[in-house]
Structures are given as structure tokens and as C-alpha cells.
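Here's the structure, in C-alpha cells; my notes come after.
Values in this text are rule-based calculations from the coordinates and carry no lab data. These numbers were taken from a predicted model, which means no experiment stands behind them. Virtual Cβ from ideal backbone geometry, glycine too; neighbours counted across all protein chains shown.
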Amino acid sequence: MPETSNQLLEPKTVRSATKAWRPRHRLAAFIIVLLVGAASGLISASPAQAGYVGTNYLRNWATGRCLDSNAAGNVYTLPCNLPVGSNRYQTWEPIFTKKIDGFDLIQLKNVATGRCLYFYPGTSVYTTLPCPGANNLTSVAAGVYWFVEGTPWYQVRFESFGGLGRCLDSNSNGNVYGLGCNSGGYQFWRFGY
């Protein structure tokens, strides 16, 4: 009997319990470090790194229709396809460029085409140009930049950077164009359905 009692108190038994505990302890510590690192990375990330506001539909306040495009680069509004995201041509990604006078300057990238919403001189709006990135504020590329004005993405207006006071506008027929900025509901958009 004393031999059995000694076997229970052998160091092997204590070490094996300690070894079994160490990997779980290390795994828990590793997970905590990852979570803390991820949280601090999200908190300190710049808007471009964090994906700015993500991708979603842009729905017109007056018509309830969604901003849409096609492979040819035409831009219009159509009834929103549900569920949200099921129509990639109606899905847009605002890309943060920089702040100017307190307003965010962005590009609106169509998810299906990978091209940016472009305001041509006059009133025409298309998605025929690639997104030039944040460091190309030339007069040629100015039409792809938009100032965001309004409540954070719930009711916003997009004023063209190169459009001399023109805002993204629409009508109940589904036409999209640039028009002098005003307070009408046809110039206000909601990011999300």
C-alpha cells in the first residue's frame, strides 16, 4: 500500500498536470493578445484602412430608388433589389480621400464595375473611369471626387469637387445628373436600405 501512495505523489503526476495546463494558458494568453491587438488596430486605423463606411446601397430620399449602373458606365436609379447586396451594380463603396474645410472628400466606387461615379462637365454622370486614388486631384480627375454633406450617411448630399456647385441629383423617372445644389429631397441619399 505505501508504494501506491508514493506513486500518486510522484513528480511525474504533478508535471503532467502542469504541462496540460500550460498549453491552455498559452492559448488563452495568445487569444487575449490577438483580441487586444485587433481592437487597438480598429480604434487607431485611419478611415482608408478601416474601409471607411463599407459597401451598401445608395437610396434616394425623394424616390426611394437605388443608385444603379451598368457595364457600359450608364448611371440611373431603379427600384432597390432585395436583399441588400444582391445587385452588385446597386452596391457602392465610398472611398475616403481626405478632409477639406471640414468635409469628407470621397470617391464613389461601383462594386460591380470597379469604376467611380464621374461628373462630366454639364450635367452628365457616368461610371466610365477607374478610381484614380487619393493623390490625383487634377482637373481631369476632379469629376470623380465628391464632398459629403449631411448627417453621417443617413441623409447625405454629394457635391462634385469639380462640378462648380453641382450635386448628385435624380428624378422619379430614374434619371441621374448633376444639378445646382439645393435642399430638395432628390439630392439627398441614404447609405443603406
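Modelled label positions at Y120 and L78, each set 7 Å beyond Cα in the direction of Cβ, lie 2.1 nm from each other.
Normalised by residue number, the volume inside the convex hull of the Cα atoms of segment 56-191 is 95 Å³ per residue. Here segment 75-133 is described by how far its Cα atoms reach on the three principal axes: 37, 25, 18 Å, from widest to narrowest. Give me the net charge of L67's neighbourhood, meaning all other residues with Cβ under 15 Å from the Cβ of L67; Lys, Arg count +1, Asp, Glu -1. Counting the neighbours of L67, the net charge comes to +4. Put simply, the amide H of T128, placed in the peptide plane, has neighbours under 5 Å in Y118, leaving out anything fewer than 5 places away on its chain.
Only Lys, Arg, Asp and Glu carry charge here, each on its Cβ (+1 for the first two, -1 for the last two); on that basis segment 67-193 has a dipole of about 160 debye about its Cα centre. Arranged from fewest to most other beta-carbon atoms within 10 Å of their beta carbon, K109, K99 become K99, K109. Net charge around A112, counting only other residues with Cβ within less than 14 Å of its Cβ (Lys, Arg = +1; Asp, Glu = -1)? Overall, the nearby charge balance is +1. Note on Y193 and T128: the extension gain reaches 20.9 nm, defined as 0.36 nm multiplied by sequence separation minus the Cα-Cα distance. Counting every other Cβ atom within 10 Å of each residue's Cβ, S170, S183, S124 order from fewest to most as S183, S124, S170.
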